[in-house]
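Notes to accompany the following structure.
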Amino acid sequence: MTDSAAQARPVFLGQNQYGKAENRVVRVTRDGATHHVKDLNVSVSLSGDMDEVHLSGSNANVLPTDTTKNTVYAFAKEYGIDSAEQFGVHLARHFVTSQEPIQKARIRIEEYSWERIEAAGEGEHSFARQGQETRLTQITYDGSSWEVVSGLKDLVVMNTTDSEFWGYVKDKYTTLPEAYDRILATQVSARWRFNWSDEEREMPDWEESYTQTRKALLSAFAETYSLSLQQTLFQMGARIIEQREEIDEVRFALPNKHHFLVDLKPFGLKNDNEVYLAADRPYGLIEGTILRDGAEARIPADLTNL
Ligand SMILES: O=c1[nH]c(=O)c2[nH]c(=O)[nH]c2[nH]1
């Protein structure tokens, strides 16, 4: 189709972005016989002056997605990977400052952790992949300001007591018995937004921040005597906001992993809060944002969009 024919159409190009998704990079740092491992899944998404590639097919402004992939691996060598956040900042800065048409970069990173295997007689180079839990970060840079949202997903936690649920609304469809001592279990998905947005300000210590934020979230989960998962959610977020000055906003999606007491009476047995059926679905889904006073809510309500 010719240019003039294309322009005659009542059609406009809306938001667009492009890049290479899910670049799996494992960086080994060799400190003598002791090795360190960073295992990341890096997704690059760039946007800017990209009308022509869509409208006329001119690739003059297009840095190939293949190049963005290569940059991830080259940077892993050149800069190393101190933290997922630091690595994402390097990448985002590079794409926006080195290519005129690129005005915005969004780098999403998942990080998988490896635990050192302490085996006698071996060098410090053996690792076991840790659980299901995944660390996350998203770095966005538009040439002047930064937004860093980090978090985790698939962190499964359980309290076997100190949880109740009663006093709720009852209508003609309500059958749920009130619970005065129940299991509370969830698979935590959390995102927290840093207030670091200006290159002039000192960056947080990303690794320390992650370790302490995760610890705050877990200790609040364990220490809250819970009257609902909603109350626990708020306590977990409040603990982070109170303890971590670098964080202004926390968003949680907490599936309530129901554990139902099994009726053992048919077998002549008393179930004294000991035997449960761990239900898979459906599950309650409790979601919420906790903010520092005066902070703006910017993490999307639906965490699958982040
Ligand atoms: O902690 C809970 N919050 C709810 O809103 C709810 N609803 C429900 O059936 N069980 C629970 N548990």
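The values are calculated or read from the model by the stated rules, or taken from the named source; none is laboratory data. Since we're looking at a predicted model, the values are computed, not measured. Positions of Cβ are generated from backbone atoms using ideal geometry, with glycine treated the same way; all protein chains shown enter the neighbour counts. Side chains are part of the model used for accessible areas, which takes the heavy atoms of the whole protein and leaves out ligands, DNA and RNA. Shrake-Rupley method; radii C 1.70, N 1.55, O 1.52, S 1.80 Å.
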Which of (1) touching a Gly at 6+ places or on another chain (Cβ under 8 Å); (2) closer than 30 Å to S209 by Cα; (3) polar (S, T, N, Q); (4) surrounded by fewer than 17 Cβ atoms within 10 Å (Cβ to Cβ) is the odd one out, the single condition N61 does not satisfy? (2)
For segment 270-306, which positions are more than 17 Å from L184 (Cα to Cα), surrounded by 15 or more Cβ atoms within 10 Å (Cβ to Cβ) and of a type in the set (V, I, T)? T289, I290, I299
E242 vs. criteria open to solvent by 20 Å² or more (accessible area, probe 1.4 Å), farther than 20 Å from D293 by Cβ and at pLDDT 95 or above: no
Any idea which residue in segment 36-58 is farthest from S150 (Cα to Cα), counting only those that are open to solvent by less than 30 Å² (accessible area, probe 1.4 Å) and of a type outside the set (G, A, S)? M50
Of the residues in segment 159-212, those that are part of a loop (DSSP other than H, G, I, E, B), among the aromatic types (F, W, Y) and closer than 24 Å to E287 by Cβ come to W166, Y168, Y173
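Residue by residue, here is whether (1) touching a residue at least 24 places away in the same chain (Cβ under 8 Å); (2) not hydroxyl-bearing (S, T, Y) holds:
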| residue | (1), (2) |
| --- | --- |
| T213 | yes, no |
| F221 | yes, yes |
| L227 | yes, yes |
| Q235 | no, yes |
| E249 | yes, yes |
| K265 | no, yes |
| A279 | no, yes |
| A295 | yes, yes |
Could you count how many residues in segment 126-157 are surrounded by fewer than 15 Cβ atoms within 10 Å (Cβ to Cβ) and closer than 18 Å to D39 by Cβ? 7
If I ask for residues that are touching a strand residue (DSSP E or B) at 6+ places or on another chain (Cβ under 7 Å) and either open to solvent by less than 100 Å² (accessible area, probe 1.4 Å) or within 11 Å of the ligand (Cβ to nearest atom) (or both), which ones from segment 158-177 would you list? N159, D162, S163, E164, F165, W166
For the list (1) open to solvent by less than 20 Å² (accessible area, probe 1.4 Å); (2) closer than 26 Å to L152 by Cα, I need the number of the one condition that I102 fails. (2)
For D82, state whether it is closer than 20 Å to T140 by Cα and touching a residue at least 60 places away in the same chain (Cβ under 8 Å). yes
Looking only at segment 85-120, which residues are within 18 Å of the chain's Cα centre (by Cα), farther than 17 Å from K20 by Cα and part of a helix (DSSP H, G or I)? E85, Q86
Please go through segment 207-227 and pick out each residue that is within 16 Å of the ligand (Cβ to nearest atom) and either among the polar types (S, T, N, Q) or surrounded by 22 or more Cβ atoms within 10 Å (Cβ to Cβ) (or both). F221, T224, S226
Unique residue being among the acidic types (D, E), out of contact with any Pro (no Cβ under 6 Å at 6 or more places or on another chain) and touching a residue at least 60 places away in the same chain (Cβ under 8 Å) when the list is D142, D181: D181
Take segment 7-56 and flag every residue that is touching a helix residue (DSSP H, G or I) at 6+ places or on another chain (Cβ under 7 Å) and not hydrophobic (A, V, I, L, M, F, W, C). N16, Y18, G19, K20, N23, R27, S56
Segment 54-76 residues that are within 23 Å of L40 (Cα to Cα) and hydroxyl-bearing (S, T, Y), paired with ones that are open to solvent by 50 Å² or more (accessible area, probe 1.4 Å) and modelled with pLDDT under 95 (beta carbon under 6 Å, 6 or more apart): none
